[in-house]
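J.: Before we start, here is the structure in question, set down as structure tokens.
The values are calculated or read from the model by the stated rules, or taken from the named source; none is laboratory data. Note that the structure is predicted; figures quoted are calculated from it, not measured. Cβ atoms come from the backbone with ideal geometry, glycine included; neighbour counts cover every protein chain shown. The protein model used for the area step is the full one, side chains on, heavy atoms only, and it has no ligands, DNA or RNA in it. Shrake-Rupley method; radii C 1.70, N 1.55, O 1.52, S 1.80 Å.
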Amino acid sequence: MPGSIDKAPRHDEATGWSGTAISYQRGEADPPHHHLEGQLLFATRGVMLVETESNRWVIPPQRALWLPPLQIHSYNLLSHTDLRAVYFSRNLIAECANFTKSNQVHVITATALVKELIAGLFSNDYNRPSQRKMALLLLEILSEAPPLAAELPMPHDERLACAARELLVNHRWEASLSDLAFIATMSERTFSRLFIKDTGFSFRTWKQRARICASLDLLANGISIKQVAYQLGFSCPAAFTAAFRSILDSTPRDFLP
């Protein structure tokens with residue numbers, strides 16, 4: 001992932017943390033870059049595709065992604081996204097001795113407490129010493145939270161990834177295997193073989209998981225289960241709920257505000 005730029009935020013060591021709130025439109029991208037600090041990425045709404053040198057993650061509002069210091073990354077916005085990025089200095093990270101996974105990129109569940117702490121860091125209702133304690137508590141939670149497996153593994157092959165992004169960014173849920181193979185400039189047979197090898201899933205199964213990941217943003221914005229089901233091309237709400245349960249082991253209702 002060439003062309004990285006150091007985009008480190010500015011905060012003194014006494015503070016130890018800083019935050020950035022940015023709104024993106026669907027289809028926007030942030031090119032490869034890195035920060036001197038550790039970073040927690042979270043979207044209050046929207047879904048983003050975050051890429052590092054070795055992996056890709058789809059992050060909906062129910063998830064947060066930890067990036068260690070100096071980790072090169074980029075992201076594409078799969079929908080209108082309100083991003084919250086919290087940066088932690090190396091010294092502040094070191095204060096959390098239990099955070100043994102601080103050097104590993106990983107995804108965690110954005111629990112109610114995680115969301116409240118992040119909101120508190122962007123609020124004017126707290127003074128800086130109190131917010132520093134919030135930042136430390138957030139690191140403690142990160143140290144205890146079990147890393148989540150990728151719910152939607154993205155292809156590493158750039159041809160396959162281009163086709164997958166077309167489906168995700170432009171919500172091409174009606175797209176067939178033939179359509180995606182055409183975008184990837186390969187035969188259906190080659191596309192199918194490489195897709196399974198790259199992601200571990202057949203294209204049909206992966207597309208189902210992609211629809212469920214896309215539904216998380218819609219649900220987080222209070223759109224009804226019935227509307228989400230039909231918007232994503234399911235035959236009925238029951239079919240959507242069954243697919244949702246099979247992938248996330250919970251129901252869509254659990255993810256409504």
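J.: How big is the charge dipole of the chain about its Cα centre, in debye rounded to the nearest 20, if each Lys and Arg gets +1 on its Cβ and each Asp and Glu gets -1 on its Cβ?
T.: Working: 26 positive and 25 negative charges, 115 e Å.
Rounded to the nearest 20 debye, it is 560 debye.
J.: Something else about it: Amide H of His106: which non-local residues (sequence gap of 5 or more, or other chain) have their own amide H closer than 5 Å, using H built in the peptide plane?
T.: Amide H to amide H, under 5 Å and 5 or more residues apart or across chains, His106 pairs with Trp66.
J.: Order of 38-46, 236-244, 68-76 by packing, highest average Cβ count within 10 Å first?
T.: Working: 38-46: 21.6, 236-244: 16.3, 68-76: 19.4.
In descending order of packing, they fall as 38-46, 68-76, 236-244.
J.: Between rounded, prolate and oblate, where does segment 128-257 land on the alpha carbon gyration tensor, with a ≥ b ≥ c its root eigenvalues, rounded for a/c under 1.5, else prolate if a/b exceeds b/c?
T.: On the way: a/c = 2.40, a/b = 1.49, b/c = 1.61.
In terms of gyration-tensor shape, oblate.
J.: A further question follows. Taking the full set of protein chains and a 1.4 angstrom probe, give the accessible area of Ser235 in square angstrom, rounded to the nearest 10.
T.: Only protein atoms counted, so the area is about 90 Å².
J.: Quick one: 3J(HN,Hα) in Hz for segment 21-29, Karplus 6.51/-1.76/1.60 with θ = phi - 60°, rounded, Gly and Pro as x.
T.: Going residue by residue, I get 10, 9, 9, 10, 8, 4, x, 5, 9 Hz, with x marking Gly and Pro.
J.: Where does each of Leu256, Leu167 land when they are ordered by accessible area, with a 1.4 Å probe and the largest first?
T.: Numbers: Leu256 55, Leu167 0 Å².
Listed by decreasing accessible area, they come as Leu256, Leu167.
J.: Further, regarding this structure: Work out from phi, with θ = phi - 60° and the Karplus expression 6.51 cos²θ - 1.76 cosθ + 1.60, the ³J(HN,Hα) of each residue of segment 125-135, listed in order in whole Hz, and give x for Gly and Pro.
T.: Coupling constants for segment 125-135: 7, 10, 7, 5, x, 5, 5, 5, 5, 4, 4 Hz.
J.: Another one. If amide hydrogens are placed 1.01 Å from N in the peptide plane, which non-local residues have theirs closer than 5 Å to the one on Gln71?
T.: The list, which skips near neighbours in sequence, is His35.
J.: Here's a follow-up. Out of residues 5 or more away from Arg45 or on other chains, whose amide H comes under 5 Å of its own, with H placed 1.01 Å from N in the peptide plane?
T.: Asp82
J.: Mind running the shape call on segment 77-139? Use the C-alpha gyration tensor, a ≥ b ≥ c as the square roots of the eigenvalues: rounded below 1.5 for a/c, prolate if a/b tops b/c, oblate otherwise. Write out the running numbers ahead of the final one.
T.: Details: a/c = 1.88, a/b = 1.09, b/c = 1.72.
Note, shape of segment 77-139 comes out oblate.
J.: Still on this structure, I have one more. Quick check: with the 1.4 Å probe, what order do Thr100, Thr15 take by accessible area, largest first? Intermediate results must be reported in sequence, preceding the final value.
T.: Numbers: Thr100 110, Thr15 30 Å².
So, going from the largest accessible area down, we get Thr100, Thr15.
J.: Please express the shape of the chain as an equivalent ellipsoid: the semi-axes are the square roots of 5 times the eigenvalues of the C-alpha gyration tensor, given largest first in whole angstrom. Provide the component values of the computation, followed by the final result.
T.: Numbers: eigenvalues 217, 92, 46 Å².
Those come to 33, 21, 15 Å.
J.: With every protein chain present, what accessible area does Arg172 have (1.4 Å probe, heavy atoms only), rounded to the nearest 10 Å²?
T.: Near enough 60 Å² of accessible area.
J.: Continuing with this model, one more query. No solvent, one uniform scatterer per C-alpha: report log10 I(q)/I(0) for segment 110-185 via the Debye equation at q = 0.14, 0.20, 0.21 1/Å, two decimals.
T.: Log10 I(q)/I(0), no solvent term: -0.67, -0.81, -0.86.
J.: What is the distance in Å between the Cα centres of segment 49-87 and segment 183-255?
T.: Centre-to-centre distance over Cα atoms comes out at 20 Å.
J.: Enumerate the calculated ³J(HN,Hα) couplings along segment 70-87 in order (Karplus 6.51 cos²θ - 1.76 cosθ + 1.60, θ = phi - 60°), each rounded to whole Hz, writing x wherever the residue is Gly or Pro.
T.: 6, 6, 6, 7, 8, 8, 10, 9, 8, 7, 4, 10, 9, 8, 10, 10, 10, 10
J.: Take Asp254 and Phe182, extend 7 Å from each Cα along the Cα→Cβ direction, and tell me the distance between the two endpoints in nm.
T.: Using points 7 Å along Cα→Cβ, the separation is 3.9 nm.
J.: Okay, moving on. What is the local net charge at Asp82, summed over the other residues whose Cβ is closer than 13 Å to its Cβ (Lys, Arg +1; Asp, Glu -1)?
T.: On the way: positive: Arg26, Arg45, Arg84, Lys115; negative: Glu28, Asp217.
My count for the surroundings of Asp82 gives +2.
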